[in-house]
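Colleague: What follows is a structure written as structure tokens; I'll ask about it next.
The values are calculated or read from the model by the stated rules, or taken from the named source; none is laboratory data. The structure displayed is predicted, hence computed values, not measured ones. Ideal geometry is used to build each Cβ from the backbone, glycine not excepted, and the neighbour counts take in all protein chains shown. SASA here: full protein model, heavy atoms, side chains in, ligands and nucleic acids out. Shrake-Rupley method; radii C 1.70, N 1.55, O 1.52, S 1.80 Å.
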Amino acid sequence: MTELERRANEMRVDIVRMIAEAGSGHPGGSLSCADILCALYFGGVLEHDPERPDWEERDRFILAKGHAAPALYAVLAEAGYFPREELLTLRKLGTRLQGHPDSNQLPGVEVSTGSLGQGLSIAAGAAVGLELDGKPQAVFALLGDGECQEGQVWEAAMFAAHRGLDNLVAIVDRNGLQIDGCTADVCDPGDMRAKFEAFGWDVHEVDGHDIPALVKTLAAAKADRSGRPHAVIARTVKGKGVSFMENQAGWHGKAPNGEQTKEALAELAGRTGEEVGRD
């Protein structure tokens, strides 16, 4: 296991633990995007500084699929934005770790998100702002594939292509499931590559659990300033890393019970050769 794979695995441990402690949350989509966030934050793709969360030269990251907040909290804690012990306050009264990210509460959260469909519009606006200020930084937005059923996503896609926002990278967590079942059954998004290309985007497809491939693809998209916004379609497995959660729509928004938590943590710990996940 590489260092980045180890970090992604430990992020999954944190995701399971914090959701179990809270008794509520969204494990499926948080686990599916852990490798994507690990590649961004620790693969040398995203310019950021935990010591200076408001550093003007930072790249921007927006979690459009805000219900995957546990994954964002896990990567921010792993990066040192706040103490890991705070993860276990998820969704508790008075916590900074709300059920959806709150930029007024927690350093490293660029924008408060939660209402699906709005994140790409916010990211496009941020990309325009950087462009107008003559700044070279990039904006990344992570969307759910179910979220892409929202019309506002495609309004933002049209706008971004019209403005030639080549400093914008949209990542789609393409796990094929949403709260009501398969995306193909609920409202089929179809060929997402073809859709983004039809809107004038540069599009890449990648295995969303292959961290070296993610790093390479995301870095290339960030570096390409040839006049088109970039979409990265990341093929993922909902609930990745916990076998009984994988590809199960029922784990979209449900916390594991005590026995399930032990089983999940033992499985994740087994990947690093430990008896249990880290303390």
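Colleague: Given a 1.4 angstrom probe, I'd like the percentage of the accessible area of the chain that is carbon and sulfur, rounded to a whole number.
Modeller: Numbers: 5250 of 11170 Å².
That share works out to 47 percent.
Colleague: To continue, here is another question. Explain nothing, just compute: Karplus ³J(HN,Hα) = 6.51 cos²θ - 1.76 cosθ + 1.60, θ = phi - 60°, for every residue of the range 179-194 in order, whole Hz, x for Gly and Pro.
Modeller: With the stated coefficients, the range 179-194 comes to 4, 9, x, 6, 4, 5, 8, 6, 6, 4, x, x, 7, 6, 4, 4 Hz.
Colleague: For the chain, calculate the relative contact order in percent as a whole number, restricting contacts to Cα pairs under 8 Å that are 6 or more residues apart.
Modeller: Values: 567 pairs, mean separation 67.7, N = 279.
Relative contact order, the chain: 24 percent.
Colleague: Right, next: Taking only C-alpha pairs under 8 Å that are 6+ residues apart, what is the relative contact order of the range 12-160 in percent? Present the calculation step by step, with values, prior to reporting the outcome.
Modeller: Working: 232 pairs, mean separation 37.0, N = 149.
25 percent.
Colleague: Measure nothing fancy, just the Cα-based angle from helix 211-223's long axis to the longest principal axis of the chain, in degrees from 0 to 90, nearest 10.
Modeller: That works out to roughly 30 degrees.
Colleague: When DSSP assigns beta bridges and you keep just the ones with both residues in the chain, what percent turn out antiparallel, to the nearest 5?
Modeller: Working: 2 of 24 bridges.
The answer is about 10 percent antiparallel.
Colleague: Could you provide, to the nearest whole Å², the per residue accessible area of the range 1-160 with probe 1.4 Å?
Modeller: On the way: 5670 Å² over 160 residues.
Here the per-residue accessible area is 35 Å².
Colleague: In the range 96-132, whose amide N lies under 16 Å from the spot 7 Å out along Cα-to-Cβ of Glu47? List them in ranges.
Modeller: 127-132
Colleague: What FRET efficiency comes out for the pair Ser243/Val186, r = Cβ-Cβ distance, R0 = 25 Å, nearest 0.05? Kindly include the intermediate steps, with their values, before the conclusion.
Modeller: Values: r = 24 Å, r/R0 = 0.98.
Given R0 = 25 Å and the Cβ-Cβ separation, E is 0.55.
Colleague: Which ³J(HN,Hα) values, rounded to whole Hz and listed in residue order, are derived for the range 159-165 from phi using the Karplus coefficients 6.51, -1.76 and 1.60 in 6.51 cos²θ - 1.76 cosθ + 1.60 with θ = phi - 60°, glycine and proline given as x?
Modeller: Those phi angles translate into 4, 4, 5, 4, 7, x, 7 Hz.
Colleague: Let me ask another. Looking at the range 127-279 only, what percent of DSSP beta bridges run antiparallel? Nearest 5 please.
Modeller: Numbers: 2 of 20 bridges.
The answer is about 10 percent antiparallel.
Colleague: Rounded to the nearest 10 degrees, what's the angle between the helix 119-132 long axis and the longest principal axis of the chain, both from Cα atoms, 0 to 90?
Modeller: Once rounded, the angle reads 50 degrees.
Colleague: Additional query: Cross-link list Lys92/Lys222; Lys216/Lys238; Lys65/Lys92; Lys135/Lys216; Lys222/Lys262: which exceed 32 angstrom alpha carbon to alpha carbon? It would help to have the intermediate numbers written out before the result.
Modeller: Details: Lys92/Lys222 37 Å; Lys216/Lys238 22 Å; Lys65/Lys92 21 Å; Lys135/Lys216 23 Å; Lys222/Lys262 39 Å.
Going by Cα-Cα distance, Lys92/Lys222; Lys222/Lys262 fall outside the 32 Å limit.
Colleague: Could you pull out every residue, at least 5 positions away or on a different chain, whose amide H is within less than 5 Å of the one on Ile171? Hs are placed 1.01 Å off N in the peptide plane, and Pro or chain starts have none.
Modeller: Result for Ile171 returns Ala141, Leu142, Leu143, Val232.
Colleague: Give me the net charge for the shell around Leu143: Cβ to Cβ below 11 angstrom, other residues only, Lys and Arg +1, Asp and Glu -1. Write down the numbers at each step before the final one.
Modeller: Numbers: positive: Lys65, Arg174; negative: Asp145, Glu147, Glu150, Asp173.
Net charge around Leu143: -2.
Colleague: Also, I was wondering about something else. How many angstrom lie between the Cα centre of the range 206-253 and the Cα centre of the range 88-120?
Modeller: First find each Cα centre; the distance between them is then 21 Å.
Colleague: Next question, about the same structure. Give the long-range amide H neighbours of Glu205: residues separated by 5 or more places, or on another chain, with amide H under 5 Å away, using H modelled in the peptide plane at 1.01 Å from N.
Modeller: Ile233
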